[in-house]
Structure formats: structure tokens, C-alpha cells
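> Sharing a structure below in C-alpha cells format, with a few things to ask.
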Amino acid sequence: MEEVKVSAENKQERRFQRICVFCGSRVGYRSSFSDAAHVLGELLVERKIDLVYGGGRLGLMGLISQTVQKGGGHVLGVIPKALLPREISGETFGEVKTVANMHERKSVMAKHADAFIALPGGYGTMEELLEVIAWSQLGIHDKPVGLLNVDGYFNSLLTLFDKGVEEGFIDNSARHIVVIADTAEELLKKMEEYVPNHQKVASRQSWEIGEVL
């Protein structure tokens, strides 16, 4: 019986083959942001989960990609041609896939990922996060979307989500599309257990998924 239990746990840990991480091209002012990126990278390596990210070696993006690559994990960086010059993004760790624009970048990252995690970041990170949340609500995908709320960085954004529910713009069930935790280990555990229960705007079959995911 014990052997069966261990096998089941291993199977759960391998629910994700690849996770796309959205995060800042800056490290921010708190060391806890960098620490969180490093810890998440180590957990991905430990669980043999590949990293998909936006390419480059700057900021938290560079920290997590370097951590995964140095740990022996596979890294896929997806970067638009305009951001390729080293003075803009730095040299990408791991495998590099060059795309034409930002829209294609997000589509390619989504296609190659089984789940999404957002670390602290700026406008780009928040836009990427909100888009995959919206895609889930629309029924385009049913992949877990995780938010690593380091030192309460996303508290104000979560308050805005709650305001959307309060004012009738977001269904309460859709509010729970986002899986939230303060630590990487807790977040991965919650994402492994995630089951979508929100009402989707349209069925996945009705979307031209090949163009998006």
C-alpha cells in the first residue's frame, strides 16, 4: 500500500511538464523578490518542470532562468526580434525562440506551457497575467494560473478583482481562476490541486485554438 501511495504522489508532482513564468525585467527594491524567483527556480528543477519565460537575462526573468538552467532544467526563452539586442535584454539562458511581436510571444509561451505563474513585475507582467486569466474565463484554456504574492506585492490588484465582483463585473466563480499563495511551494501545491469551476463564456472547441494555444 505504501508503494502505491508514493507512486501517486510522484504522479501528482509531475502534473506539469512545463510552467510559464511571468515576472519583471527588473529585480525591484526588495531582496525578497529575488529570493522568491530563486526559490521558485529551484523548485522547478527539483520537480523536473521545464521553464518557459519571456527571454533575456535581466531582472527576475534572468534570475529564475539562470537558476533553472544551472540546476540542469530546460529553459525556453521566447523573445521578439526587437528585444534581441544584448543592450536591451541581455543574453537569453537556455533555448531561444525568436518571434515577430509581443502578441506572438504570448501565444507561443502559452502553447508551450501547462500552467502559468506570475511573480512581481511591472505593466508587462500584469498584462500577461490578466490575459491568461481572461483566456481562462473565455474558455480558451483550463490551465492553472498562479500568483506568487511575495510580501503582498499583488494585494492591491487582488483588491481590484474583489471590487470587480462587488460591482458586478466579475463572476464570483471567475474570481477564483487565480490561485494565490505567499510561497512557491504552497503555490505549486495549490496549482496541482486546482480544478476549474467557473462558468466559461464559450467552449474550448468553439475557439480556433490553433491560433492561440
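> From the list ARG15, ARG26, exactly one residue is among the charged types (D, E, K, R), in contact with a helix residue (DSSP H, G or I) (Cβ under 8 Å, 6 or more places away or on another chain) and closer than 19 Å to LYS111 by Cα. Which is it?
Details: ARG26 fails: closer than 19 Å to LYS111 by Cα.
Being among the charged types (D, E, K, R), in contact with a helix residue (DSSP H, G or I) (Cβ under 8 Å, 6 or more places away or on another chain) and closer than 19 Å to LYS111 by Cα holds for just one of ARG15, ARG26, which is ARG15.
> Starting from residues that are among the charged types (D, E, K, R) and closer than 22 Å to SER107 by Cα, keep the ones in the range 47-90 and report whichever is modelled with the highest pLDDT.
Start the filter on the range 47-90 by keeping residues that are among the charged types (D, E, K, R), which leaves 47-48, 50, 57, 70, 81, 86-87.
From what's left, closer than 22 Å to SER107 by Cα: 50, 57, 81.
Values: ASP50: 97, ARG57: 88, LYS81: 90.
Per the criteria, the residue is ASP50.
> Looking only at the range 23-48, which residues are surrounded by fewer than 23 Cβ atoms within 10 Å (Cβ to Cβ) and of a type in the set (A, V, I, L, M)?
Answer for the range 23-48, where residues must be surrounded by fewer than 23 Cβ atoms within 10 Å (Cβ to Cβ) and of a type in the set (A, V, I, L, M): VAL27, VAL39, LEU43, VAL45.
> Something else: Hand me the list of helices (runs of 4 or more DSSP H) wholly inside the range 84-180 holding 3 or more residues that are within 30 Å of ARG14 (Cβ to Cβ).
Numbers: elements: 86-89, 102-111, 123-138, 155-166, 172-175.
The qualifying helices (runs of 4 or more DSSP H) are 102-111, 123-138, 172-175.
> Has the range 30-43 got any residue that is at pLDDT below 95 and not aliphatic (A, V, I, L, M)? Outline the logic, then answer.
Our first condition is that a residue be at pLDDT below 95; within the range 30-43, this holds for none.
So far as the range 30-43 goes, no, none of its residues is at pLDDT below 95 and not aliphatic (A, V, I, L, M).
The values are calculated or read from the model by the stated rules, or taken from the named source; none is laboratory data. Please read all numbers here as calculations on a predicted model, not as lab measurements. No Cβ is skipped: glycine too gets one built from the backbone with ideal geometry, and neighbour counts run over all protein chains shown.
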